[in-house]
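Asks: Quick one: the structure is below, questions incoming.
Only the coordinates and a few stated rules stand behind these numbers; no lab work does. Every value quoted in this text rests on a predicted model; they were computed, and no experiment measured them. Note that each Cβ is placed from the backbone with ideal geometry, even for glycine, and that neighbours are counted across all protein chains shown.
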């Protein structure tokens, strides 16, 4: 009497199994949806694998333009753009390759290679420069709307002379001359391909080659107005050569500016902080490099505070490289902190702000022309997206006792990480 019917027990078991299955199914779908949501918001944009070439466009005051190759990224790795696949012409300097010039991430114009060659055994390229916003020159004949006569229009009267028009006298008869045999057909030269090297190699951003342009696979350039690029700037009003970083990438990300907007008071505050940090770095470096004997002879009393060095030719540039509103500061200046009356020291300081708003040193160098074998001179060119991930890197020209080369550094939390360092 107290036992339940078999039908009711079976119904209870079936209902329990259905509820359990529904709960498991709902939990599984919830987990999948959560994982999809996490993956959607946590996934980073895919980084470019290249090919992506970085060069430096030189604009002469007289209007001449030239490109110096720096580096080329292929499959995420950087190579010397002046030698990568360099037979007979480096891949980064092939005919028709197009570079877009940038200043702090803002487009300045388009450079198209028309002739690669060598200058002092270094590869360079000449080309055409089209400034941003300028209209490209028209290479084809202007289209004119054809005039079609309306045959259905009513006839028009034309007033002419009262005298009938006299027929023109017949042309004098010229004795027939036997026709000369037709000239043999001239064989046309086959069109030159766009790529004069391996046709299977990857291509950079390319434009339409000019079929009338004269091409030389190997041309030797001579020194011209660009030879003054390494000399110090004069006090005359002569305009200087412009240096514009340029990128060639057929499918790279959209560029964005790397400027960091500041009020004049904020910029002055950052300038003072960077000079104080540079003075601290100079004092620390002088203390560690001074010999013990010299320190004993010229020991400074404990109560005496070292004087702050004086700085000249101070240049401060501030960037927002990662679009995070966190400034990256690059200071260059000259000083005579070591007492050298012959030549001042040239310093380069790179820093960024911490979470507390204080400056954190990332890089510091001090040198002059007599110590380039120990410490190269670091000259900031600009910020450029070298690897195509949307973030900016710092492009420097490093000058040592053996020559000059270009280097690209990524700004990390505590240092400059070299992506590419060229050799002179």
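Asks: Name all residues of region 410-424 having a backbone nitrogen under 13 Å from the label point set 7 Å from the Cα of residue 354 along its Cα→Cβ direction, giving them as ranges.
Replies: 414
Asks: Modelled label-to-label distance, residue 203 and residue 323, 7 Å Cα→beta-carbon offset: nm?
Replies: Once both label points are built, they end up 2.9 nm from each other.
Asks: Between residue 287 and residue 62, what length in nm is gained on full extension when 0.36 nm per residue of separation is reduced by their alpha carbon distance?
Replies: Details: separation 225, 0.36 × 225 = 81.00 nm, distance 4.89 nm.
Gain in length upon complete extension: 76.1 nm.
Asks: Calculate the spin-label point distance for residue 413 paired with residue 261, positioning each point 7 Å from the Cα along the beta-carbon direction, and give it in nanometres.
Replies: So the label points at residue 261 and residue 413 sit 3.0 nm apart.
Asks: Would region 307-424 count as rounded, prolate or oblate if I go by the C-alpha gyration tensor, calling it rounded below 1.5 in a/c and otherwise prolate when a/b exceeds b/c, oblate otherwise? Walk me through the numbers before you get to the answer.
Replies: On the way: a/c = 2.51, a/b = 1.31, b/c = 1.91.
In terms of gyration-tensor shape, oblate.
Asks: Still on this model: At 0.36 nm per residue, minus the direct Cα-Cα distance, what do residue 313 and residue 75 gain on full extension? Give it in nm, one decimal, please.
Replies: Working it through step by step, the gained length comes to 81.6 nm.
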